Amino acid sequence: MSQRLKNKAKQQILALRRLSGDPILLLTIVAILASLVLFILYPLFEVLITSFRDDMGRWSTAPFERFFTSQHERSALRNSLLLGVATAIAGSAVGFLFAFTITRTSVPFKKALNTIAIVPIVSPPFIGAMAIIMLFGRNGLISYQLLGIRNLNIYGFWGLMFAQVLTFFPVAYITLKGVLESISPTLEDAAMDLGGSRWKVFRRVTLPLTFPGIASAMLVLFIETLSDFGNPLILAGSRFPVLSVQAYLQITGMYNLPRGAALAVVLLIPSITAFFIQKYWVSRKQYVTITGKPTSSSIKLVSRPVQWILFGLCLFVAGIILLVYATILWAAFARVWGHDMTTLTLRHFQYVFGVGFSAVRDTLIIAGVSTPIAGILGMVIAFLVVRKRFPGRQFMDFTSMLSFAVPGTVIGIGYILAFNKPPLILTGTFAILALNFIFRYIPVGIQSGIAILRQVDPSIEEAAIDLGADARTSFRRITLPLMLPAFFSGLTFAFVRAMTAISAAIFLVSANWNLMTVQIMAQVESGRFGAASAFSVVLVAIILVAMMIIRLILTKGFSGYKGKLLQV
Amino acid sequence: MSVRLEAIHKYFSDPDQPDNRVTAVEDMTLEIQEGEMVTFLGPSGCGKTTTLRIVSGFEAPNSGTVWIGGKEVSHLPPNKRDTSMVFQSYAIFPHLSVGQNIGFGPELRGMNKKQIKDAVMEVMEVMNLTDLYHRSPDQLSGGQQQRVALARAVINRPKVLLFDEPLSNLDAKLREQMRLEIRRIQKTFGITSIYVTHDQSEAMTVSDRIVVMDKGRVMQVGTPFEIYSRPANYFVADFIGRVNFIPCTVVGATDGALNVQYQGGIGDAGSAEGSFSAGDSALTVVRPESLRLAKTEAGGPKGLLSGVVEKQVYIGATVEYEIVVPGVETPIQAVTFNPVEEGFIETGSSVEIDFGMKAAHLIPVQ
Ligand SMILES: Nc1ncnc2c1ncn2[C@@H]1O[C@H](COP(=O)(O)OP(=O)(O)OP(=O)(O)O)[C@@H](O)[C@H]1O
Ligand SMILES: [Mg+2]
């Protein structure tokens with residue numbers, strides 16, 4: 001055992017010695033490790049430390065004792081978990097419905113269904129909650145205007161779950177679509193050839209092969225739901241407390257940092273657990289041998305009647321999504337939602353581009369700065385993790401992926417705790433928002449970067465070095481261009497997330513630097529749905545335009561690339 | 001430039017089990033002359049690639065030194081060594097055109113556009129690649145990709161060219177054509193080359209000298225003729241081509257040949273590995289094509305060995321025999337030529353086996 005340790009140590013020292021021959025590489029590694037510690041671990045550590053203080057700042061377990069004695073906070077935990085599980089199951093089911101219908105049947109309008117299922121991702125993550133209130137609230141279009149019901153109870157579990165399923169099922173959809181596409185339909189054809197009935201083939205072949213994907217989608221949805229902040233802030237109310245909102249209220253409402261921190265820790269535990277299960281158990285069970293684009297898609301798996309039932313269900317969900325967006329669009333132009341809806345006006349947009357414009361500008365600047373940095377950083381980290389051997393490599397891999405698992409609320413609290421005191425005072429600045437976005441939104445870039453690099457023969461980079469390129473030149477000229485598809489998908493993700501972020505950002509905005517999402521939230525809270533909707537419309541428009549530009553750069557600017565490279 | 005490897009040792013340890021060291025190269029000392037083409041030949045996992053990567057600088061040896069052109073380069077990273085590698089997978093940059101691929105090296109050296117283009121054109125000319133300048137790599141055939149990889153490697157006029165099984169992805173016919181091509185290019189540019197392969201005929205045809213390796217150790221270094229006809233030990237004899245090992249006893253020596261007692265009589269061995277004195281047991285290495293066969297006739301002459309044909313296979317140009325000889329463990333393999341005129345020996349017949357002095361090579365019993 002000690003021999004083993006000695007050996008390990010020896011290897012690390014050897015690796016270090018080799019690195020010292022390449023100062024730039026060494027410097028890059030050290031800088032990245034240091035910033036991961038500073039901007040991911042240190043804030044979490046601060047949350048943990050603070051949760052063990054009493055009101056006077058002394059060591060104490062009081063915040064946690066309070067947690068166990070407070071009926072309210074205990075029910076917040078129960079509600080959060082309940083919602084998490086329910087949304088994970090329902091969201092994955094809807095995601096599977098869409099993924100299966102689109103990949104395994106021959107129904108019409110697949111393209112449209114696909115687009116509709118993805119739209120919620122590029123919107124503020126609480127658009128569902130807004131729409132519910134606008135449709136079913138006190139002055140709701142459907143509840144009051146059409147049906148005359150004044151006090152339909154939409155606040156609480158069901159309303160919230162509806163909003164969250166709407167917000168998060170696209171994540172499950174994308175995951176499961178990828179999984180289903182990678183299962184060669186010939187497997188199903190073969191099973192059917194052997195005499196299996198359709199239902200049996202589905203149950204014995206398709207479902208088992210998809211199962212790891214489903215489990216993974218559920219865990220991701222569970223994590224997302226737990227950390228969701230926007231929907232519950234609007235819909236939970238005081239009778240249905242959830243952890244993320246309670247933590248926020250403790251901090252911004254009561255200025256009780258230890259209790260807020262303690263709630264954050266409680267929130268962190270199930271998220272991290274789910275993350276570990278996802279990363280170290282479920283992802284291992286993924287069937288790697290079944291990757292590869294299908295040659296021809298099997299559409300025999302589903303009988304005609306079943307196919308139309310699935311189609312009907314998809315249309316139903318798509319209809320709801322369209323209704324939500326139509327509502328937002330209408331509200332953006334209606335004079336006063338709920339009272340004077342037929343007079344159309346541009347005044348909400350005038351507001352957005354007038355008084356509200358600083359938030360638009362701030363959001364664009366922050367997203368514009370943090371996105372490319374996150375994109376490049378993601379590629380560099382992916383490269384280091386896959387191609388280099390150095391002490392701290394696994395630590396880098398793990399830490400950079402951690403922000404998948406840490407709820408935004410927790411990281412937001414961590415940032416205000418960590419960066420409102422020396423050595424680094426950042427609260428109220430541009431930097432705190434940008435840094436938060438950069439380090440929270442690198443994982444997707446890293447993941448796709450790693451996936452691509454694993455497919456690139458290392459000797460391609462060695463060939464460059466062999467011809468005389470140093471490490472930097474080879475990365476810039478060979479590796480990075482090969483990673484471009486990953487780079488752009490990382491960019492897109494980081495940009496969309498930066499534009500739609502709320503849960504951490506709401507702690508970090510200030511008078512100088514504000515964000516559109518926070519503005520929208522504020523408008524909703526004060527009942528000004530017109531302005532909130534106009535903001536949302538502008539936000540979605542910006543994201544769509546940005547995505548179009550990125551796609552344009554990718555297809556026009558890099559037309560020299562082979563199509564197959566871009567599809568990875 | 002000459003290449004010298006001195007007392008190279010290289011171990012790998014499994015990251016999961018650092019206690020289990022894998023020996024990749026053990027105590028390798030080797031000198032390669034300027035302009036020479038040397039082949040590393042050996043079974044899979046014997047350390048050929050590793051040695052090549054040590055020369056190019058991608059692996060650092062645990063001990064020992066590497067010299068190129070009389071200068072020690074052990075401490076230099078691969079981009080500072082004047083070596084060029086042709087990779088088994090070609091490693092062509094997929095996002096660059098053929099011309100850009102080949103011009104990558106000159107570009108790194110800071111040549112201007114015109115110079116780069118001229119240099120690329122010149123090399124492409126030599127390689128018969130002229131029309132492919134703007135092609136993208138995935139529109140090339142296997143042989144063309146191979147040529148592009150080679151062109152990219154030689155354009156910088158490296159001091160040493162390294163080939164790691166460059167032809168293993170090509171079909172048999174193209175392989176034969178390309179190995180002649182490689183040899184031609186290597187001679188044209190006069191670049192010292194190390195060539196890794198586990199295809200014997202490839203090694204025999206392209207190399208000035210062959211280094212036979214096994215389990216990280218050098219088993220023999222010699223010209224293709226030496227390796228084939230005077231193997232240094234059992235491993236080399238067995239690894240290269242088909243071979244017979246015949247147990248025998250040394251009885252004496254006359255005029256530069258050893259007199260050896262076989263089952264059927266005394267014969268001469270023209271060469272030997274190591275020294276033998278009368279009474280020593282030894283193995284005679286003799287190739288199937290060196291054996292002469294004759295049907296046993298009552299009262300007729302006896303061969304050095306006598307046996308019974310167990311198997312006879314007609315190939316066309318040749319006939320292959322397996323002959324059971326008492327006292328020799330595995331059946332003796334023999335090949336005869338020109339079956340049309342010389343005829344066959346039927347299975348089950350008794351035969352007399354003879355071979356000449358030059359064909360018999362003695363090695364110690366292992
Ligand atoms: N990076 C590595 N880590 C651990 N072991 C290695 C590594 N590279 C090579 N080895 C081991 O070192 C030994 C020699 O490998 P090498 O690649 O040099 O063989 P080779 O002669 O090129 O074989 P082949 O003909 O199959 O290419 C093998 O046992 C191999 O498993
Ligand atoms: Mg090899």
### Task
Just give me the residues in segment B:102-135 being surrounded by fewer than 16 Cβ atoms within 10 Å (Cβ to Cβ) and touching a residue at least 40 places away in the same chain (Cβ under 8 Å), in sequence order.
B:Arg109
### Summary
Matching residues in segment B:243-281 (open to solvent by less than 30 Å² (accessible area, probe 1.4 Å) and aromatic (Phe, Trp, Tyr)) number 1
#### Entry: Top-ranked residue of segment B:139-150 - restricted to ones that are assigned to a helix (DSSP H, G or I) and surrounded by fewer than 22 Cβ atoms within 10 Å (Cβ to Cβ), ranked as farthest from the other protein chains (Cβ to nearest Cβ)
B:Gly143
### Message
Looking only at segment B:56-68, count every residue that is under 21 Å from B:Gly105 (Cβ atoms) and either at the interface with chain A (Cβ under 9 Å from one of its Cβ atoms) or open to solvent by 30 Å² or more (accessible area, probe 1.4 Å) (or both) and tell me the total.
### Response
3
### Query
Can you list the helices (runs of 4 or more DSSP H) found entirely within segment A:442-498 that contain at least 2 residues being within 14 Å of chain B (Cβ to nearest Cβ), out of contact with any Cys (no Cβ under 9 Å at 6 or more places or on another chain) and within 21 Å of A:Pro120 (Cα to Cα)?
none
### Task
Just name the residue that is most open to solvent (accessible area, probe 1.4 Å) out of those in segment B:189-200 that are within 16 Å of ligand 1 (Cβ to nearest atom) and not aromatic (Phe, Trp, Tyr).
B:His198
### Message
Any residue at all in segment B:155-165 that's part of a helix (DSSP H, G or I) and either under 28 Å from A:Leu453 (Cα atoms) or within 16 Å of ligand 1 (Cβ to nearest atom) (or both)?
### Response
no
### Query
With segment B:185-277 as the region, which strands (runs of 3 or more DSSP E) entirely inside it contain at least 3 residues that are in the same structural domain as B:Ile68 (by TED's automatic domain parsing)?
B:192-197, B:209-214, B:217-222
### Task
Determine, yes or no, whether B:Ala172 is surrounded by fewer than 20 Cβ atoms within 10 Å (Cβ to Cβ), farther than 22 Å from B:Ala7 by Cα and not hydroxyl-bearing (Ser, Thr, Tyr).
yes
### Query
Do we have A:Glu73 as open to solvent by 80 Å² or more (accessible area, probe 1.4 Å) and modelled with pLDDT of 70 or more here?
no
#### Entry: For B:Thr284: the one exception among (1) in contact with a His (Cβ under 9 Å, 6 or more places away or on another chain); (2) under 18 Å from B:Glu320 (Cα atoms)
(2)
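Conditions (1) among the aliphatic types (A, V, I, L, M); (2) within 15 Å of ligand 1 (Cβ to nearest atom); (3) open to solvent by 50 Å² or more (accessible area, probe 1.4 Å); (4) more than 10 Å from chain A (Cβ to nearest Cβ), marked per residue:
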position	(1), (2), (3), (4)
B:Thr29	no, no, yes, yes
B:Glu34	no, no, yes, yes
B:Pro43	no, yes, no, yes
B:Ile54	yes, yes, no, yes
B:Lys71	no, no, yes, yes
B:Gln100	no, no, yes, no
### Query
Out of all the residues in segment B:16-25, is one or more away from ligand 1 (no atom under 16 Å from the Cβ) and either assigned by TED's automatic domain parsing to the domain that holds B:Val221 or in contact (Cβ under 8 Å) with a residue 24 or more places away in the chain (or both)?
no
### Task
Look at B:Ser136 and say whether it is within 14 Å of chain A (Cβ to nearest Cβ) and within 16 Å of ligand 2 (Cβ to nearest atom).
no
### Summary
Here, helices (runs of 4 or more DSSP H) confined to segment B:1-119 with at least 2 residues that are within 16 Å of ligand 2 (Cβ to nearest atom) and of a type in the set (S, T, N, Q) are B:48-56
#### Entry: Residue count, segment B:150-168 (criterion: in contact (Cβ under 8 Å) with a residue 60 or more places away in the chain, aliphatic (A, V, I, L, M) and away from ligand 2 (no atom under 16 Å from the Cβ))
5
### Query
So which residues in segment B:173-207 are among the β-branched types (Val, Ile, Thr) and within 16 Å of B:Gln146 (Cα to Cα), if there are any at all?
B:Ile182, B:Ile185, B:Val196, B:Thr197
### Message
Of the residues B:Arg242, B:Arg230, only one is touching a His at 6+ places or on another chain (Cβ under 6 Å), modelled with pLDDT of 90 or more and either within 14 Å of chain A (Cβ to nearest Cβ) or more than 16 Å from ligand 1 (Cβ to nearest atom) (or both); which?
### Response
B:Arg230
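Residue by residue, here is whether (1) part of a helix (DSSP H, G or I); (2) over 26 Å from A:Pro232 (Cβ atoms); (3) without any contact (Cβ under 8 Å) to a residue 40 or more places away in the chain holds:
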{"position": "A:Pro391", "(1), (2), (3)": "no, yes, no"}
{"position": "A:Phe398", "(1), (2), (3)": "yes, yes, yes"}
{"position": "A:Ile413", "(1), (2), (3)": "yes, no, no"}
{"position": "A:Thr427", "(1), (2), (3)": "no, no, no"}
{"position": "A:Phe437", "(1), (2), (3)": "yes, no, no"}
### Message
Checking the structure you have, find out if any residue of segment A:371-387 is open to solvent by 30 Å² or more (accessible area, probe 1.4 Å), assigned to a helix (DSSP H, G or I), free of Cβ contacts under 8 Å to residues at least 12 places away in the same chain and charged (D, E, K, R).
### Response
no
### Summary
With criteria (1) in contact with a Lys or Arg (Cβ under 7 Å, 6 or more places away or on another chain); (2) within 16 Å of ligand 1 (Cβ to nearest atom), B:Asp82 comes up short on (2)
### A:Gly178 of a type outside the set (S, T, N, Q) and surrounded by 24 or more Cβ atoms within 10 Å (Cβ to Cβ)
no
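Scanning for something open to solvent by less than 10 Å² (accessible area, probe 1.4 Å) and not aromatic (Phe, Trp, Tyr), does segment A:339-351 turn up at least one residue?
No, there is no match, as no residue in segment A:339-351 is open to solvent by less than 10 Å² (accessible area, probe 1.4 Å) and not aromatic (Phe, Trp, Tyr).
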### Summary
Those residues of segment B:73-82 which are more than 7 Å from chain A (Cβ to nearest Cβ) and of a type outside the set (Gly, Ala, Ser) amount to B:Val73, B:His75, B:Leu76, B:Lys80, B:Arg81, B:Asp82
### Query
Pairs, please: C-beta under 7 Å, at least 6 apart or cross-chain, first residue away from chain A (no Cβ under 14 Å) and in segment B:182-202, second within 16 Å of ligand 2 (Cβ to nearest atom) and in a helix (DSSP H, G or I)?
B:Thr197/B:Ala203
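The values are calculated or read from the model by the stated rules, or taken from the named source; none is laboratory data. Quick caveat, the model's predicted, so the values are computed rather than measured. We place every Cβ from the backbone using ideal geometry, glycine too, and count neighbours over all the protein chains shown. Calculation scope for accessible area: heavy atoms of the full protein, side chains included, ligands and nucleic acids excluded. Shrake-Rupley method; radii C 1.70, N 1.55, O 1.52, S 1.80 Å.
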